[in-house]
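Only the coordinates and a few stated rules stand behind these numbers; no lab work does. Note that the structure is predicted; figures quoted are calculated from it, not measured. Using ideal geometry, Cβ is built from the backbone for each residue, glycine included, and neighbour counts are taken over all protein chains shown.
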Amino acid sequence: MSSAAHRLEGVSRSWETLRDLSLVGGALDRASPRRREPGLLPVLLNDPLTRIVELVAGRVQVIESDGGCALFLRPPTTLDAKRLGVFLGQDGDGTAYLGVVGEVCDQAESSGTAPWRSLREVGVLLPGRDASLFAALQGLANWHAAHTHCPSCGAITEPDQGGWVRRCTQDLTEHYPRTDPAVIMAVTDAADRLLLARSPHWPPGRLSVLAGFVEPGESLEAAVAREVFEEVGVTVDEVRYLGNQPWPFPSSLMLGFTARTADPTLRLAGEEIAEALWVSRADLGEMVRAGRFRLSPIVSIARRMIEHWYGGPIDQR
Ligand SMILES: [Zn+2]
C-alpha cells in the first residue's frame, strides 16, 4: 500500500463516530417543563406510583442478574421528604422518576438487600434509561453539594424547580447546574501508532489517551491542540470529532476527538504527565497479554477510543 493510500484509510476511519457509548442514554423523557409545576416534589412524593432512585455516597441500589443489572426503583417513603430530591423525568405512561440524595446513616433504613454500586461499576451494564437516570442524579447531587452559597452575594442558596435550580435566599438570583466540557483525544502518528500517557496520580502500567478541560474563549479543536502540546510537546492537526459522554465526576462532558501529528517527538514538560509513549497495535496487544498495561474502565469513553483505534474490544475487565 502506498503511503498516500494508507494515510487516506486512516483519515476515513477517524471520521466515524463512536456508537453505543455508555451513559449517553436518551431513553428517558426529562419532561423539563414539569420542573416549574408548583409543589412538584411533594406531589410526586405522595404518589405511590412514583419511582425513587436513592443515591448515597455515589452509590445506588441495583438488581443484578446474569451479565446485566437494573436500577432498584422503589415507591416513596416518609424519609424521602427530608432529603434533597430531584425530578429526573418520566416514562411514556406517566411514571415519574425522582432521585433522592441520602446520607450514609440512612442506608440501613433503605429497603431490600439489593447491593449498592457506583456509576463507574455499573454504568456499562445498565440499560440506557437507567444509566441516564443514574448519571443525571450523580451530576445533580455533585452540583448541589458544591453550590450551597450564592456566587453573587455569598448567601445560602436553596433548591428549586424540581432540583434543577438553586435560588439565593437573599437576592433571589437563580443558579443552574454546571457541565464542564473536557476534550479527550486519540492522537496518532504517520505510522498510525497511538499516543498513550500516564498521569502522575496513576500507578505504573495505567495508561490512557490525553484529556483536559476546555478553557474560556477556546474552541474544542484549539483545546485539543493546546492540551496535546502542553502535555507532550506534540503539534497536531486533522482534529476530528469522535463522540461524547457525560462523565459526572464531578461534572464533565467528555468530548472525544482523533488528531494526527507529523512529528511524534515527545517533549514532556511540567508535572501533568509522568510518562508518555507511542504504541503500535502489536505493542498494545503484547502489553495487555503480559499484564503491563492497565486500561481505563470499560464504562469510559477513553477505553472505547483506544479500542476504536485498536480495531475491536480488548479483553480486560
Ligand atoms: Zn445572592
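List of remarks:
- Here the spin labels are modelled as points 7 Å beyond Cα on the Cα-Cβ line, and at Leu49 and Gln170 they lie 4.5 nm apart.
- Debye intensity ratio I(q)/I(0), log10, region 68-208, q values 0.09, 0.18, 0.20 Å⁻¹ (C-alpha model): -0.43, -1.15, -1.27
- Tilt relative to the chain, helix 220-232 - C-alpha long axis, 0 to 90 degrees, to 10: 60
- Residues whose placed amide H lies under 5 Å from that of Val53, excluding near-sequence neighbours: Leu98, Gly99, Val100
- Two-site FRET efficiency, Asp237 against Phe213, from Cβ-Cβ distance with R₀ of 22 Å, rounded to 0.05: 0.55
- For region 137-144, putting each phi into the Karplus relation 6.51 cos²θ - 1.76 cosθ + 1.60 with θ = phi - 60° gives couplings of 5, 4, x, 5, 4, 4, 5, 4 Hz, in residue order, rounded to whole numbers and with x for Gly and Pro.
- On full extension, the segment bounded by Leu277 and Cys153 gains 39.9 nm, given 0.36 nm per residue less the C-alpha separation.
- Once the gyration tensor of the Cα atoms in region 29-70 is diagonalised, the equivalent ellipsoid follows with semi-axes of 27, 12, 11 Å, ordered largest first.
- Against the main long axis of the alpha-carbon atoms of the chain, helix 3-15 sits at an angle near 0°.
- Segment Ala81-Leu253, length gained on full extension (0.36 nm per residue, minus Cα span): 58.9 nm
- Among beta bridges from DSSP that stay inside the chain, the antiparallel ones total about 70%.
- Helix 301-310 axis, angle to the chain major axis (alpha carbon atoms, nearest 10°): 30
- Spatial separation of Cα centroids for region 49-103 and region 170-236, in angstrom: 33
- Efficiency of FRET from Cβ geometry, Asp29 and Ala262, R₀ 41 Å, rounded to 0.05: 0.30
- Percent RCO, i.e. relative contact order, over region 160-317, from Cα pairs under 8 Å lying at least 6 residues apart: 26
- Kirkwood-based Rg to Rh ratio, the chain, C-alpha trace: 1.02
- Near the amide H of Leu242, within less than 5 Å, lie the amide hydrogens of Gly256, Phe257, Thr258, all on another chain or at least 5 residues away, with H placed in the peptide plane.
- About the Cα centre, charge dipole magnitude for the chain (Lys/Arg +1, Asp/Glu -1 at Cβ), debye: 380
- 222 nm mean residue ellipticity, helices alone, for the chain (DSSP H n ≥ 4; -39,500 (n - 2.57); rounded to 500): -7000 deg cm²/dmol
- Cys residues of the chain counted as unpaired, since no other Cys beta-carbon is under 4.7 Å: Cys69, Cys105, Cys153
- Principal axis extents of the C-alpha atoms in region 58-104 (largest first, rounded to whole Å): 36, 32, 17.
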